[in-house]
Every structure is written in structure tokens, then in C-alpha cells.
Amino acid sequence: MKVIFLVPASDIGGTERMIELLAAGLPSCGIQAEVVCLRGDGPFPARLSSRGIPTTVFDLRTHPGSFIALIRFLRSRKPDILQSFLFAGNLIGRIAGVLSGVSIRVAGQRSTDPWRRLWHWMAERLTSPLVTAWVSNSHAGREVLVARAGIPEHRIAVIPNGIPPMPVPEPREHPGPVVGTVGNLRPAKGHEVLLSAAVRVRRRFPACRFVILGSGPLRDNLLCQAELLGLSDAVELPGFAPDPLREMASFDVFVLPSLWEGCPVSLLEAMMLQRACVASAVGDIPRIITHGENGLLVPARDPRALADATVSLLADSALRTRLGIAARETVLRRYSASEMLRSYARLYLSLAGGSPCARDVYTRAG
């Protein structure tokens, strides 16, 4: 069996890291995988190629004829399944899949997408007959597809993200506490809320530093906000990190102040690294974190609550240790890369066998 993954972006975020895991791991399940990127200006295609993952770029933004080239490519490659991701990738993928004769077309839902306007959901509804099945990384994503796009529940599989096991890093010595987060610098990640909370945290811990790993269009806005808040000497925005886990290992507290989410990869990675975590109670995060047991939950868009939760962890090393150990156990038990790979393999084999019911492959997580 052959699967082609189609993704519209070429930067590296949680979705792209999961695609990399799938493309590298599915061959062990007897499924060939390759990747098509609809942009070529970011680091993702080169990263995949460096790992020996077959990768092709069709830059639809700069070369209008690339869509025809994409159809010809799909016809020549003859995949059994075309799996697309994100709104633009899903829309282009289902149309290109039909025109190229790919019989099984799977759409990936990665978040709850409150940014979508009416026309986005109308486009989803109108083109839904072109889709064989949907796969969402969260129950919240499935619910929004049912409610806003009218997709029957039985056509949507829920397969949470999974990450490979990794060792707990040795503690690092640094002059003051470090609070950090990882995510593309886009509205969904709520970095403005973190900066507002940082002011309150610094009143209790004046030496605290805040590290925001990631790249994106809001970088200049965040630097300006940090300066206006008097945080220029406390906030670091080092940009895209090829190996974010190395940096995350230095965090005393990991925060995820997202405004909306599905199943966030960076949170799972921080938990695997045994970091004490504070996260917004959005998407499937409340299914991942049980407040006070393996992390702390706060309302989205609430800098005061985020600051208070962060201060409570910085002030109590025993609490950080207890929550970090429980967080790691949660990920090892419920969000493993091996289980994610098996679930995708089951989904693809089920669809190839003619099953109309994607829901049969629901995983245990959540």
C-alpha cells in the first residue's frame, strides 16, 4: 500500500512533525509513504529529504501551473490513499485526488479552527462528498466537524498525536527560573497572554526568563509588546529551533497559553520530558491534563490565572517534580508514537478494504 501525505505549509509545526513521524514510521507497518508540500520556502521539505523520506514540492503560490503538475504527479505515482492536512491542503487535496483518480481521499482535522469564516465551512460542506473519511487528532476537532460542516460522526476517526519515548534530561544550572513555550508565532498560540502574565510572574521572581521558541508573522508584534511591558531583558524569541526538545529541557515550567488547540504536540513533548506544565483548557487539553494531577489548567485569555499557576509551580519544586513525573507517565501510557502509527495503519487498511466507517479505529487516548 502507498500513501501520499499532502501538506500546504513548508514551515515546521506540530502538524509537520507528526507527518514526519508517520512518513518515517509507516513503512514498518508495510505502508509506503511520501510527502507533497504545496510550498517550498520553508525548512520542512529539506528536513524530510535529509531523512530519506521521498518529498516533492509543488509551489502553487508562485507557479500556477503547479496544480496541473500535481495532478499528473499523482496519476504517475498511483497512491492507494491521499491524506491531506489543514484547510488549504484538504481543499486542494480532495479536488486533485478526484481529478487524478485516487480512490481513497482522507482529510486531516488538526484543531477546532474558530478563525474559519462562513465560506470556509460552506466549502467544507460542498466538497465533503469528495472525501472518503476524516481523521482528527482530537475529539474537539471531530465535534466541530460534526457541528459546523455537517460531517457524519461515523466518518471521522479520532487518532491523537503520539510522540516517541525520550530520556528525561539532566537538570541544568542557570541563574534564574526559566518559563518557556514552543509554537509558531501565530494568534492561536496566545503568546500575547503569556507576555501579559510574565509581568505578574516577574513581581514574584524578578530573575525569571521567558523563552518563546518558534517563528511566524507575530514576531515583531511580540517584541514590541515585550518592550512596552518592560520585559525586553527577560523575554527571548530565538526563532525556529530545529531541535526544540534540547531547549525545552532547560525549562523549569512549560506553558501553553493557546486560544484554541486540537492535541498539541509541544505539550506532549514537554510532558514526556517531565516538565511541569500549565496549559489553557481548550481543545483536547483537558483530556490530556487532569488539573492538579499531571499539570495545571487555566482559562484561555486569562493572564492573571496563567501567572498565578506559573508562580505556584516556580515556588514549589516538590510540586513541579510530582506533576512532571505524572505528566511523563501519561504520555508514555496514552500518547505513544507507536500507538499513533498502528492507529493510522488500521485506518488506512480498513478504508482500503472497503469499510465505510472510520470510527472503528478510535484509539484509547482520552
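Details
- Rounded tilt (10° steps) of 317-334 against the dominant C-alpha axis of the chain: 10
- For segment 58-109, the square roots a ≥ b ≥ c of the C-alpha gyration tensor eigenvalues yield an a/c of 1.5 or more together with a/b not exceeding b/c, which makes the shape oblate.
- Exposure proxy ranking for Lys189, Lys2, Lys78, based on other Cβ atoms within 10 angstrom of each Cβ and starting from the fewest, stands as Lys78, Lys2, Lys189.
- Against the chain, whose longest principal axis is taken from its Cα atoms, helix 118-127 shows a tilt of about 40°.
- Cα-based Kirkwood hydrodynamic radius, segment 178-334, one decimal, Å: 15.1
- Computed over the alpha carbons of segment 113-211, Rg followed by Dmax gives 20.3, 58 Å.
- FRET efficiency estimate (nearest 0.05) - Cβ-Cβ, Arg287 to Phe205, R0 41 angstrom: 0.85
- Segment 77-94-segment 304-347 distance, computed between alpha-carbon centres (Å): 32
- Pairwise label distance in nanometres, Arg246 with Ala46, each label 7 Å out on the Cα-Cβ vector: 1.6
- Computed about its Cα centre, the charge dipole of segment 178-334 is approximately 260 debye, with only Lys, Arg, Asp and Glu carrying charge at their Cβ.
- Only helical runs count toward this figure. For the chain, summing -39,500 (n - 2.57) over DSSP H runs of n ≥ 4 and dividing by all residues gives -12500 deg cm²/dmol at 222 nm.
- Calculated mean projected area of the Cα convex hull in nm² (choose from (1) 17.4; (2) 16.4; (3) 20.4), label: (1)
- Percentage relative contact order, the chain, counting C-alpha pairs under 8 Å, at least six apart: 16
- Direction-averaged projected area, Cα convex hull, segment 157-252: 7.8 nm², rounded to one decimal.
- If a spin label sat at a point 7 angstrom from the Cα of Ile325 along the line to its beta carbon, no backbone N atom of segment 157-172 would be nearer than 14 Å.
- The chain, dipole about Cα centre (Lys/Arg Cβ +1, Asp/Glu Cβ -1), debye to the nearest 20: 840
- In the chain, the longest principal axis of the Cα atoms and the axis of helix 303-314 are about 70 degrees apart.
A short reminder: the numbers here are calculations on the coordinates, not readings from a lab. In this text, all values refer to a predicted model and were calculated from it rather than measured experimentally. Note that we place each Cβ from the backbone using ideal geometry, even for glycine, and neighbour counts take in every protein chain shown.
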